[in-house]
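Undergrad: Could you have a look at this structure, given as structure tokens, before my questions?
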């Protein structure tokens, strides 16, 4: 096969498999689209949750067959956004945001949470509208949701976890929201309203998390609960402040490091340390295709293993499969490359001391942060340009496991996110794929080849992560930062450590925010 057609074939496979990897987690759910003709309680569930059900152990009841199954919960990303809106306004005493800015997303649970936030900011009409939209998405008939009737007294305790019960509980909390009645002498008293039941408050906390706790504190006027919530909110703001100082401080150092590297590169004080060998570019491309196929095939096969999706052994299995997929490197060996050549071409060789490794890893982490920040700005710009409310729901599946994880599960999550993922992703994306692109475009000159290879490998890296289109630029920026380190150090090891530090920082932040 001519070399050009060979390269085209490799990239048809890479882009095709990447397209499948991007599409599957975000594919439309036909049950959601058809809810008007076939209402079902699966309507509020995401495709990933329905897929997870296929791996349920035999003998467990089919969750789609009953209204009393355990339903999905509000995402941690939505909780973070809503809580930040409420807490920052209460602490700064600033002006209330516009109603459109208080809509936290298009998912049914996001809309119910938005209704609670809108009531807090004095927008009852918009709150009832969000309840109506959520009810429609969930195929729940609530009639006139703004009517001041005691539908919250309906006995739904036998169906606690159903979507209908959740919609009624949210409406009950919105109807019961405290209202100040002004007297003729200028004084005011709180109007007494029918309170939601204890079961409804419990359901709100179970399904809407922080929003349920906040609603109960506001509606019940419980001084003790409000005090605890204020203490928690203070810790929340302190944690966010520390995180801001961390990222901004190291990001500023990263800007200085980037400028220094660019100047040193232009003055030829440092150069490319990428190992290049004739006629190996396409072998690296084939190896990346082999890894992609093996990785996705193993992940699909894992869905068929009868392990409870919520079991910590599922995390062990996932991490083991990540390392097993590295067996694709055997393809390069089969194609005639020696082990030494594979290690050199993929940056798996390190001949310097531990101190050099650590300071290069620190520089790698710092240089990646401003590029990630630039990606965040691009994502925000995309959200504004395409008029996406609150950028949808850019959360990672691991975030959803944090809330109820026990210490052993947290340890496994950290091992998966901070050890397994950095090692395997750096080898394949910054080692194999970036090496393939750099060698394939080496005739363009170092600068043009490097920029092209960074952008393409970064885009694929970001695209296959499940956070969504508007977080992809930030992930691509992070990947480009690791590519820079790969370029001037010649190794993937500093990037592995930097990648692990970034994942550990974000994961620790999530643990503190959602388990405190």
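The values are calculated or read from the model by the stated rules, or taken from the named source; none is laboratory data. Remember, predicted model here, so these are calculated numbers, not experimental data. Don't worry about glycine lacking a Cβ; one is built from the backbone with ideal geometry, like all the others, and counts go over all protein chains shown.
Undergrad: Residue 264: assigned to a helix (DSSP H, G or I) and farther than 23 Å from residue 457 by Cα, yes or no?
TA: So residue 264 passes the test.
Undergrad: Can you find a residue that is farther than 28 Å from residue 450 by Cβ and assigned to a loop (DSSP other than H, G, I, E, B) anywhere in the stretch 275-298?
TA: The answer is no; no qualifying residue exists.
Undergrad: Which ones in the stretch 180-198 are exposed (fewer than 15 other Cβ atoms within 10 Å of the Cβ) and at pLDDT 85 or above?
TA: 198
Undergrad: Could you check how many residues of the stretch 319-342 are part of a helix (DSSP H, G or I) and surrounded by fewer than 17 Cβ atoms within 10 Å (Cβ to Cβ)? Don't jump to the end; show me each part of the working.
TA: First, the residues of the stretch 319-342 that are part of a helix (DSSP H, G or I): 319-334, 339-342.
Right, trim to surrounded by fewer than 17 Cβ atoms within 10 Å (Cβ to Cβ) and you get 320, 323-324, 326-327, 330, 333-334, 339-341.
So the count comes out to 11.
Undergrad: Mind checking whether some residue in the stretch 132-144 is at pLDDT below 75, surrounded by fewer than 19 Cβ atoms within 10 Å (Cβ to Cβ) and touching a helix residue (DSSP H, G or I) at 6+ places or on another chain (Cβ under 6 Å)?
TA: No, every residue in the stretch 132-144 fails to be at pLDDT below 75, surrounded by fewer than 19 Cβ atoms within 10 Å (Cβ to Cβ) and touching a helix residue (DSSP H, G or I) at 6+ places or on another chain (Cβ under 6 Å).
Undergrad: Still on this structure, please answer the following. Would you check if there is a residue in the stretch 62-83 being out of contact with any strand residue (DSSP E or B) (no Cβ under 9 Å at 6 or more places or on another chain), assigned to a loop (DSSP other than H, G, I, E, B), assigned by TED's automatic domain parsing to the domain that holds residue 121 and modelled with pLDDT of 85 or more?
TA: No, the stretch 62-83 has no match at all.
Undergrad: Within the group 470, 482, 461, which residue is touching a helix residue (DSSP H, G or I) at 6+ places or on another chain (Cβ under 8 Å) and in a loop (DSSP other than H, G, I, E, B)?
TA: Of 470, 482, 461, the one residue that is touching a helix residue (DSSP H, G or I) at 6+ places or on another chain (Cβ under 8 Å) and in a loop (DSSP other than H, G, I, E, B) is 470.
Undergrad: Is at least one residue of the stretch 211-228 at pLDDT below 90 and within 30 Å of residue 4 (Cβ to Cβ)?
TA: No, every residue in the stretch 211-228 fails to be at pLDDT below 90 and within 30 Å of residue 4 (Cβ to Cβ).
Undergrad: Out of the residues in the stretch 79-100 meeting the condition of being without any contact (Cβ under 8 Å) to a residue 12 or more places away in the chain and closer than 18 Å to residue 124 by Cα, tell me which one is surrounded by the fewest Cβ atoms within 10 Å (Cβ to Cβ).
TA: To start, the set of residues in the stretch 79-100 that are without any contact (Cβ under 8 Å) to a residue 12 or more places away in the chain comprises 92-95, 98.
If we keep only those that are closer than 18 Å to residue 124 by Cα too, we end up with 95, 98.
Values: 95: 7, 98: 10.
The selected residue is 95.
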